[in-house]
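Report on one structure; see the data block that follows.
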Amino acid sequence: MNFLKKNWRLCFGCYIFIYLPWFFYLEKKITMETPNLHIINNAIDDMIPFCVYFIIPYMLWFIYVIGACIYMLFKASDTEFLRFALCLTIGMSVSLLICMIYPSGLTLRPNDVPDNFFGMLLNTIYASDTPTNVFPSIHVYNSLAVHIALHRSEWFQKHKAFDIASLILCVSICMSTVLLKQHSITDVIGASILMAVMYTLVYATDYSRLLKKSRDKEIEMQ
């Protein structure tokens, strides 16, 4: 119990042992041959150009998320960290639940990928990440969750250059998902809506005030 009181933040790291088996199970269970698979891409996606160079911000996502987790673990206040952790764990769980209830896939990937370093990196991503379980985009959702948490943190409020850099990287990552044909614009919109809901629940709602109102009503009724 003493360990949990002193190191409760680390307990959120255990979520990785829930998320990864869950994610890889869905990757094997839901394929392009799955009955009633919903193809997400649309006419707007066909108008978005393919740009292999956006593999760089796409792969920087891993550093962005892991780096933010480390920063929030050691530098954020308890409230800031808790909000960030809840946004990630709840949002990612909801995303996987949606994939289970509404199986989704894409038929966007190009037939010809450039035979260069960037193309090699993209082919590695294509080989390890199937074009299924795409709605909503967890890549986009986590990027938004990370930037919001960093933007609201005290240190980033004082260092605007880093705040702007985080915003640029966040936007670049979101753009990369559609420019690499990894996701549809629908997946990006879905992730943004999910983040808006989570922001309202985790950041914007003052639960202490709601509890106070509820208690005041109970006292009045007595």
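Overview of values
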{"read-out": "Qualifying residue in segment 11-21 (condition: more than 29 Å from L201 (Cβ to Cβ) and loosely packed, with under 11 Cβ neighbours inside 10 Å)", "value": "no"}
{"read-out": "Considering residues of segment 84-115 that are surrounded by 14 or more Cβ atoms within 10 Å (Cβ to Cβ) and over 25 Å from K29 (Cα atoms) only, the residue nearest to the chain's Cα centre (by Cα)", "value": "C87"}
{"read-out": "Test: residue in segment 74-96 that is touching a strand residue (DSSP E or B) at 6+ places or on another chain (Cβ under 6 Å) and in a loop (DSSP other than H, G, I, E, B)", "value": "no"}
{"read-out": "Filter result (crowded, with 16+ Cβ neighbours inside 10 Å and of a type in the set (A, V, I, L, M, F, W, C)) within segment 122-146", "value": "L122, V134, F135, I138, V140, L144, A145, V146"}
{"read-out": "Top-ranked residue in segment 105-131 [being of a type in the set (S, T, Y) and assigned to a loop (DSSP other than H, G, I, E, B); ranked as modelled with the lowest pLDDT]", "value": "T130"}
{"read-out": "Within segment 22-44, considering residues that are in contact with a helix residue (DSSP H, G or I) (Cβ under 6 Å, 6 or more places away or on another chain) and surrounded by 13 or more Cβ atoms within 10 Å (Cβ to Cβ), the one nearest to F156 (Cα to Cα)", "value": "W22"}
{"read-out": "Positions within segment 18-59 being in a helix (DSSP H, G or I), over 20 Å from the mean Cα position of the chain (by Cα), over 18 Å from T186 (Cβ atoms) and touching a residue at least 12 places away in the same chain (Cβ under 8 Å), in sequence order", "value": "V52, Y53"}
{"read-out": "Selection count where residues are in contact (Cβ under 8 Å) with a residue 40 or more places away in the chain, surrounded by 13 or more Cβ atoms within 10 Å (Cβ to Cβ) and under 14 Å from R152 (Cβ atoms), scope segment 60-83", "value": "8"}
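The values are calculated or read from the model by the stated rules, or taken from the named source; none is laboratory data. Fair warning: this is a prediction, and the values are worked out from it, not measured in the lab. A quick note on method: Cβ atoms are made from the backbone with ideal geometry, for glycine too, and the neighbour counts reach across all protein chains shown.
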